[in-house]
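Here's the structure, in structure tokens; my notes come after.
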Amino acid sequence: MKTPHFAIIGAGTAGLATAILLAREGNHVTIFEQVDELSPVGAGLLLQPAGLAVFEHLGVLDHALQLGANVTGLEGRLPNKRLLVNSHYHQAAPNLYGLGIHRATLCHVLTKKLAEYSSHVTWRMSHSIDQIQESSHEVRLLGTQQQNKFDACFDAILIANGARSQLRPKQWVKVDQAYPWGAAWSIVPECLALNPEILHQFYDRSKIMMGILPTGAIPSAPQQRLSSVFWSLPTTQLQSFLKDEQAKQQWLNQVSERWPEVAEWLKQILYDEHIQPQWLSAQYRDVVMSQYGQGRIGVIGDAAHAMSPQLGQGANMALLDAWAFSQSVQAAKKNQQINWPMLWQHYHQHRRSSTQFYQFLSRLLTPLYQSNHWWAGGLRDLTFPWMYQIPYFRKEMAITISGLKTSLFQQLDYQQVAQYAERDHTSKTKSEPLPEYE
């Protein structure tokens with residue numbers, strides 16, 4: 001029987017992780033990318049326990065731990081030094097932790113693992129997809145490669161080319177809009193003025209927010225530990241901040257007035273001629289879809305469910321998409337033939353509820369941190385501290401940040417994701433159901 005051949009459009013976190021899992025199970029995978037070579041642009045990100053469970057499933061956790069930075073929790077502080085947010089992973093379950101990691105390092109870890117299955121993987125760099133044509137027995141991709149037209153046929157395609165994707169079926173898209181706030185960010189030497197195992201955030205009302213995330217190292221300089229600095233801004237002000245030194249001085253003044261110890265560290269970094277940090281901008285979208293797949297076409301990662309970064313779930317949700325899709329393929333495959341309606345029923349069953357929960361909560365929380373609403377910061381500052389005093393809410397918030405929630409009252413156990421790979425990978429002839437949710 002013919003081995004299924006999947007096309008994946010986009011070599012981000014979702015695309016690479018899915019390619020590893022599909023290739024590991026003996027499927028053929030072709031990855032299409034617009035760029036000539038992979039060189040991820042972006043600041044550090046935080047892999048939550050849910051994402052690390054998938055890393056264990058992928059067999060890349062040890063490699064990631066060597067380069068990333070262990071993060072034990074999140075602390076958010078007001079100008080009066082009061083802790084507004086005080087969430088730690090051990091409050092959700094013993095031995096849980098997060099991992100701060102540079103985007104280039106994340107890409108390096110995944111591509112190195114993917115190379116182990118090179119006989120099942122084909123790369124198509126500098127390929128731009130213009131059109132997708134689906135029939136009952138195949139999917140055809142039409143596009144350009146260095147100004148030359150091409151078309152290629154596959155058994156199925158996964159659209160994983162990010163939040164601004166123009167390829168996802170428009171009839172599935174319910175919401176696709178840009179957030180009015182974004183962030184300026186820079187990678188700098190590790191911040192030792194603060195606990196290097198904590199994601200530190202600083203807030204003043206809903207208009208001022210800064211973050212310092214331990215980011216670990218990059219493969220080319222494994223001994224140099226890094227931090228990512230984020231500064232929240234309306235998108236209309238991002239470009240002027242990047243280009244204007246006076247705007248950066250005003251930023252430092254704002255930080256000095258509120259958090260002087262942090263400002264002193266920032267001044268040392270910014271005015272060190274040997275460092276000269278580069279600043280880039282990050283803009284966010286809100287993408288909500290009625291479904292993530294049908295027939296021979298699927299959408300995963302930010303292309304399917306982009307959201308604001310307030311809960312730090314983007315990479316984790318992409319990794320859980322990859323995990324769920326690979327298991328859905330196994331559940332729907334018989335004698336190398338895939339029952340596509342069964343596959344998408346299986347996939348939606350295990351991804352829809354969790355995705356909707358995190359998107360709703362992210363949309364609810366975003367104005368409390370990034371908005372011009374006069375009431376938002378006050379409401380947040382009034383309610384959050386007392387919530388952290390109640391053990392039930394403290395635990396629920398830690399579970400939520402860990403990325404393990406599947407709905408308001410249900411959660412996925414870390415070990416069910418991590419260990420499932422060991423169970424089904426040793427016996428490919430038997431397809432087991434996904435683990436039950438608690």
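Before moving on, here are some points about what is shown:
- Flag for D321 being within 13 Å of the chain's Cα centre (by Cα), at pLDDT 95 or above and acidic (D, E): yes
- Scan of segment 1-25 for residues that are touching a Ser or Thr at 6+ places or on another chain (Cβ under 8 Å) and assigned to a strand (DSSP E or B), ordered by number: H5, F6, A7, I8
- Filtering segment 272-293 for residues that are free of Cβ contacts under 8 Å to residues at least 60 places away in the same chain and closer than 24 Å to I159 by Cβ leaves a non-empty set.
- Test result for E56, out of contact with any helix residue (DSSP H, G or I) (no Cβ under 8 Å at 6 or more places or on another chain) and either assigned to a strand (DSSP E or B) or at negative phi (or both): no
- Considering residues of segment 363-378 that are buried (at least 21 other Cβ atoms within 10 Å of the Cβ) and assigned to a helix (DSSP H, G or I) only, the residue farthest from the chain's Cα centre (by Cα): G377
- Cβ separations smaller than 7 Å between residues 6+ apart or across chains give the following pairs from segment 300-313 residues that are farther than 11 Å from Y358 by Cβ to residues that are charged (D, E, K, R) and part of a loop (DSSP other than H, G, I, E, B): A303/R168.
- Residues of segment 105-159 satisfying the condition of being of a type in the set (D, E, K, R), part of a strand (DSSP E or B) and open to solvent by 80 Å² or more (accessible area, probe 1.4 Å): R124, D130, E134, K149, D151
- Q201 being in a strand (DSSP E or B), in contact (Cβ under 8 Å) with a residue 40 or more places away in the chain and open to solvent by 30 Å² or more (accessible area, probe 1.4 Å): yes
- Selection status of L45, farther than 17 Å from S326 by Cβ and part of a strand (DSSP E or B): yes
- Selection of segment 248-271 for residues being among the acidic types (D, E) and at pLDDT below 95 yields E261, E264.
- Tally, over segment 379-423, of residues that are in contact with a Phe, Trp or Tyr (Cβ under 7 Å, 6 or more places away or on another chain) and part of a helix (DSSP H, G or I): 4
- Those strands (runs of 3 or more DSSP E) lying entirely in segment 236-336 with at least 1 residues β-branched (V, I, T) and surrounded by 14 or more Cβ atoms within 10 Å (Cβ to Cβ): 285-289, 297-299
- Top-ranked residue in segment 208-235 [being outside any strand (DSSP E or B) and at pLDDT below 95; ranked as surrounded by the fewest Cβ atoms within 10 Å (Cβ to Cβ)]: S220
The values are calculated or read from the model by the stated rules, or taken from the named source; none is laboratory data. Quick caveat: nothing in here was measured; it's all calculated off a predicted structure. Cβ coordinates were reconstructed from backbone atoms using ideal geometry, including for glycine residues, and neighbour counts include every protein chain displayed. SASA here: full protein model, heavy atoms, side chains in, ligands and nucleic acids out. Shrake-Rupley method; radii C 1.70, N 1.55, O 1.52, S 1.80 Å.
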